[in-house]
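**Student:** This is the structure, below, for whatever I ask next.
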Amino acid sequence: MLMGLVVGYVVLVLALIVAYRWIDPPRSALMITTRLSGQPVLYAPVPLTSISSYLQRAVVTSEDARFCQHGGVDWGALYEAMSESRGGSTITMQTAKNLFLWSSRSYVRKAIEIPVALTIDAFWPKRRILEVYLNIAEWGPGIFGAEAASYYHFDKPASRLTAHEATLLAATLPNPIARDAGDPGRITSVLASRLRGRMANSDAFVRCLGLRSMPRAETPAPARPAAKAPARQPAAADQKSWKTTTEPAFNPWQN
């Protein structure tokens, strides 16, 4: 019985990995968990071409500088992270976790996460991996994906994010519930400032993505925005492009 469940799970994950090479995931495991807890979910997947190159560069520089070099798992970084009780997950591993696994840390989850990440890297090009990751990453309570995060925090589509806004979003990724890109605290602001400095020399990190070189002139940081309400819906004109799961009876597998 148990072996049958394991085999069934493996077959399902493999089938979804192949399908998600071309099809946007309707939900991730983390979205389903969030919705079942009673938290509304905002999710609006968009093509990578509709996500600011600043955000692509900022996330790779911040989360996985060897993204273009490794095959889904950065073994050296993983070994060091395990020795120091840190995560050590690559963008591909985070994609595997968010799509198919649970969020709490454990060696069991990591043992499953690694082969799933290796399989994703074998089937998907790097641009697709980053595209899916940016579309399912959590950027606030129930805020999933770059498009939802951009509207929620900055009232604009992800394609129009500035370098400053992109680094604020990237700086919140390790702890998107405690950190707020739209109303950053001192730690988030400092991390974003340091990240902007690193982005100036990040061409090698994003070579596989085909991004243009980072302009040397730094875009001035805008004034700190005023605090906002804890939950905000997108503008009425954009409602049709949003996937919201606010129905009272939620089916986790419903598209």
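**Student:** What are the pairs, 6+ residues apart or on separate chains, where a residue within region 187-211 that is in contact (Cβ under 8 Å) with a residue 12 or more places away in the chain has its Cβ under 6 Å from a residue that is outside any helix (DSSP H, G or I)?
**Tutor:** Final answer for the pair search is THR188/ARG179; MET199/MET214; ALA200/MET214; PHE205/ALA65; ARG207/CYS68; CYS208/CYS68.
**Student:** Within region 165-186, is even one residue closer than 19 Å to SER50 by Cβ and in a loop (DSSP other than H, G, I, E, B)?
**Tutor:** yes
**Student:** Here is a follow-up. When you look at GLY71, is it under 26 Å from LEU195 (Cα atoms) and assigned to a loop (DSSP other than H, G, I, E, B), yes or no?
**Tutor:** Spelling it out, GLY71 is indeed under 26 Å from LEU195 (Cα atoms) and assigned to a loop (DSSP other than H, G, I, E, B).
**Student:** Here's a follow-up. Just for region 80-91: of the residues that are at pLDDT 85 or above and assigned to a loop (DSSP other than H, G, I, E, B), which one is nearest to VAL132 (Cα to Cα)?
**Tutor:** THR90
**Student:** Given the structure, is ALA204 modelled with pLDDT under 95, within 16 Å of SER53 (Cα to Cα) and assigned to a helix (DSSP H, G or I)?
**Tutor:** Yes: the conditions hold for ALA204.
**Student:** Turning to a different aspect of this structure: How about region 7-31: which of its residues are in contact with a strand residue (DSSP E or B) (Cβ under 9 Å, 6 or more places away or on another chain) and hydroxyl-bearing (Ser, Thr, Tyr)?
**Tutor:** Going residue by residue through region 7-31, those that are in contact with a strand residue (DSSP E or B) (Cβ under 9 Å, 6 or more places away or on another chain) are 26-28, 30-31.
Within region 7-31, just SER28 meets the criteria.
**Student:** Another question, if that's okay. Based on what the data block shows, is ARG35 charged (D, E, K, R), over 26 Å from SER202 (Cα atoms) and part of a helix (DSSP H, G or I)?
**Tutor:** yes
**Student:** I've got another one for you. Can PHE67 be described as of a type outside the set (A, V, I, L, M), modelled with pLDDT of 90 or more and surrounded by fewer than 22 Cβ atoms within 10 Å (Cβ to Cβ)?
**Tutor:** Taking the combined requirement at face value, the residue does not satisfy it.
**Student:** While we're here: Of the residues in region 1-49, how many are basic (Lys, Arg) and closer than 20 Å to ALA149 by Cβ? If you could, list the steps in order and put the result at the bottom.
**Tutor:** Initially, region 1-49 is screened for residues basic (Lys, Arg), giving 21, 27, 35.
If we keep only those that are closer than 20 Å to ALA149 by Cβ too, we end up with 27, 35.
Number of matching residues: 2.
**Student:** Take region 126-143 and flag every residue that is surrounded by fewer than 22 Cβ atoms within 10 Å (Cβ to Cβ) and either aromatic (Phe, Trp, Tyr) or within 15 Å of THR90 (Cα to Cα) (or both).
**Tutor:** Across region 126-143, the qualifying residues are LYS126, ARG127, ARG128.
**Student:** I'm trying to understand the selection: among the residues of region 107-125, which are among the β-branched types (Val, Ile, Thr) and surrounded by 22 or more Cβ atoms within 10 Å (Cβ to Cβ)?
**Tutor:** The answer is VAL116, ILE120.
**Student:** Follow-up question, since we're still on this one. Specify the residue that is farthest from TRP139 (Cα to Cα); the eligible residues are those in region 92-122 that are not aromatic (Phe, Trp, Tyr) and not in a helix (DSSP H, G or I).
**Tutor:** Across region 92-122, the extreme among qualifying residues is SER106.
**Student:** Given the structure, is ALA77 part of a helix (DSSP H, G or I), among the aliphatic types (A, V, I, L, M) and at pLDDT below 95? Explain how you work it out, then say what you get.
**Tutor:** Working: part of a helix (DSSP H, G or I): yes; among the aliphatic types (A, V, I, L, M): yes; at pLDDT below 95: yes.
So ALA77 fits the description; yes.
**Student:** Now for a separate question. Residues in region 43-53 that are crowded, with 23+ Cβ neighbours inside 10 Å and outside any loop (DSSP other than H, G, I, E, B): how many?
**Tutor:** Qualifying residue count, region 43-53: 1.
**Student:** Can you tell me which residue among ARG160, ARG196 is at pLDDT below 95 and farther than 21 Å from PRO26 by Cα?
**Tutor:** Sole residue among the options that is at pLDDT below 95 and farther than 21 Å from PRO26 by Cα: ARG196.
The values are calculated or read from the model by the stated rules, or taken from the named source; none is laboratory data. Since the model is a prediction, treat every value here as computed from it, not as a measurement. Backbone-built Cβ (ideal geometry, glycine too); neighbour counts: all protein chains shown.
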